Amino acid sequence: MIIVGVIAFCVVLAVLAFVVPRLSRHPQNGAQRTLGLGSRAGSKAPGPLGRWLSKPFRSSSRAVGRSGSAGRPEDRG
């Protein structure tokens, strides 16, 4: 169920990034902050279990970042 939610959020974020690029930054940052909390909480488990528990959050955060920046022009500095 969480996977479906992350995919749906990525699609909405990508559409938002293409239509209104400026308005896609705040939802992207909020989602990445939330997924970062899950990743940090999972990584506190001992040994390989910590890596296994934090991996879904890291990959989801990476997907949110890619879909959010897909429609935005690159920052020019």
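Bear in mind that the values in this text are calculations on the coordinates, not laboratory data. Bear in mind the structure is a predicted one, so any value in this text is a computation, not a measurement. No Cβ is skipped: glycine too gets one built from the backbone with ideal geometry, and neighbour counts run over all protein chains shown.
Of the residues making up segment 26-70, those that are small (Gly, Ala, Ser), over 15 Å from the mean Cα position of the chain (by Cα) and over 17 Å from Ile3 (Cα atoms) are Ala41, Ser43, Ala45, Gly47, Gly50.
When residues in segment 16-33 are screened for being loosely packed, with under 14 Cβ neighbours inside 10 Å, in a helix (DSSP H, G or I) and not basic (Lys, Arg), 6 of them pass. Candidates in segment 34-48 are the residues that are in contact with a helix residue (DSSP H, G or I) (Cβ under 7 Å, 6 or more places away or on another chain) and hydroxyl-bearing (Ser, Thr, Tyr); of these, the one that is surrounded by the most Cβ atoms within 10 Å (Cβ to Cβ) is Ser39.
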